[in-house]
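The values are calculated or read from the model by the stated rules, or taken from the named source; none is laboratory data. Since this is a predicted model, take the numbers as computed values, not measurements. In this analysis, Cβ positions are derived from the backbone assuming ideal geometry, glycine residues included, and neighbour counts consider all displayed protein chains. With ligands, DNA and RNA removed, areas are computed over all heavy atoms of the protein, side chains included. Shrake-Rupley method; radii C 1.70, N 1.55, O 1.52, S 1.80 Å.
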Amino acid sequence: MSRSQKRVMAICLAAWLGVGLEKAWAQDKPKEPPKVGWFNSADLSLVVTAGNSAAQTWGVTDELKHVWKNARFELEGKVVRSDTSDDRFFMVGPGLEFPVGGAPANPPITLIKPDPTLDVGTYLISTSYERNITPAFFWSTGGSWDRNDDAGILNRYIMHAGVGHKWVDTEQRRFTTSYGISFTDREEEEPDPEKDRRFAGARLGWEYMEKLNEGTTLDHKFATNANLSDPADYSINTTTALTVSVVSHVSLKVSLQWLYEHEPALESDLDVIAFVELINPDTIPGSGDEIFRTLSSGGSKLVLGSADARKDKLDTVFRTALVIKF
């Protein structure tokens, strides 16, 4: 079976399952329609440590949306940063002189505690607009910009447009699927000759919301974007979140996000390191027959050169946050 035939079968299966879901949900749909108007939700999280471990981790997410009777607009901004400090070390005072291969005797030393510097940084701004064609069918358009320092993505812009289906859309439950085309322009930390910087793509996504009870809500979002000229070049962004109400307008939220790049960015000039021990067969120093033998750990460390590698395909972000709705 060819790859295209497999994709057609997968799409047909998804549509068949969706029809089954729609019929099942139609039996218990609440009568009330979704609320209309402006809605805003802000997530705040912060972790700060000091002393033996100096680190600062914080995240901010803001979701603004407006719901009309036959349309909806959404704007989301998200920042996650983690600043950590390097290991402490002693620094020898300046101005000392000592022979090559030796060490100064009892030099003055100072304990250095490096300040926290950026270790992890992800940023996202996205917007979308959808409008009904029929009560269950809609068209949509939107765009996004994101940056992921650890993944080697400096700037990535995506514009998309397409159509979608509302399998259910009530105050209690919402499930939609969307299908469309996209255009991507990305700038990575290291230029990659094996990947297109700009490309037309196909986009698939869904959103699911379920109010489990009066104060608990489950949300799930999924989106994938694939290069039409290179199907192996695709990315996935999926987030699952559980929000529990504490008091009026304030909730606690836990979420798990997966960011997947099937062809991740390049990372260049990685050190090629060998741990070695010195072998002297005739035990005579300087005789010229000394050799190094590599070890799995310990011994002396030698830098033999550099090489390139790809970043990890999957980034995982687990967050707990305080949510303020108004």
Gain upon complete extension [Glu189, Glu267; 0.36 nm per residue less C-alpha separation]: 27.3 nm
Could you give the size of the charge dipole of the chain about its Cα centre, using +1 on the Cβ of each K and R and -1 on the Cβ of each D and E, expressed in debye and rounded to the nearest 20? 2140 debye
Relative contact order for the chain, counting Cα pairs under 8 Å that sit 6 or more residues apart, in percent: 12 percent
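For Trp68 and Asp282, compute 0.36 nm times the residue count separating them, minus their Cα-Cα distance, and round to one decimal in nm. Please report the intermediate quantities before stating the final value.
On the way: separation 214, 0.36 × 214 = 77.04 nm, distance 8.71 nm.
Full-extension gain reported as 68.3 nm.
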Students often get this wrong, so check it: of Lys65/Lys253; Lys166/Lys253; Lys78/Lys221; Lys78/Lys113; Lys65/Lys166, which have C-alpha atoms separated by over 21 Å? Lys166/Lys253; Lys78/Lys113
Take the alpha carbon gyration tensor of the stretch 199-270, find the square roots of its eigenvalues, order them as a ≥ b ≥ c, and report rounded if a/c is under 1.5; if not, report prolate when a/b exceeds b/c, else oblate. oblate
Calculated FRET value between Phe326 and Ser300, using beta carbons and R₀ = 35 Å, to 0.05: 0.05
Ratio of alpha-carbon Rg to the 2.2 N^0.38 Å globular estimate for the chain, to two decimals, please. 1.37
Leaving out ligands, DNA and RNA, and with a 1.4 Å probe, what % of the accessible surface on the stretch 107-187 is carbon or sulfur? 63 percent
Among Ala223, Pro104, Asn132, whose Cα projects farthest towards the positive end of the dipole of the chain, with charges put on the beta-carbon of Lys, Arg (+1) and Asp, Glu (-1)? Asn132
Helical contribution to [θ] at 222 nm, DSSP H n ≥ 4, -39,500 (n - 2.57), averaged over the chain, rounded to 500: -2500 deg cm²/dmol
Full-stretch length increase - Val246, Asp87 - with 0.36 nm per residue and alpha-carbon distance subtracted: 53.3 nm
The stretch 235-318: translational diffusion in µm²/s, Stokes-Einstein, Kirkwood Rh over Cα pairs, 25 °C, 0.890 mPa s: 136 µm²/s
May I ask for the angle, rounded to the nearest 10°, between helix 3-26 and the longest principal axis of the chain, with both axes built from Cα atoms and the value confined to 0 to 90°? 50 degrees
Based on alpha-carbon atoms only, what is the radius of gyration of the stretch 81-177 relative to the globular estimate 2.2 N^0.38 Å? 2.25
How far is it, in nm, from the label point at Lys211 to the one at Phe275 when both lie 7 Å from their Cα along the line to the Cβ? 5.8 nm
With unit charges on the beta carbons (Lys and Arg positive, Asp and Glu negative) and the dipole taken about the Cα centre of the chain, which residue among Trp258, Ile324, Thr176 sits farthest to the positive side? Thr176
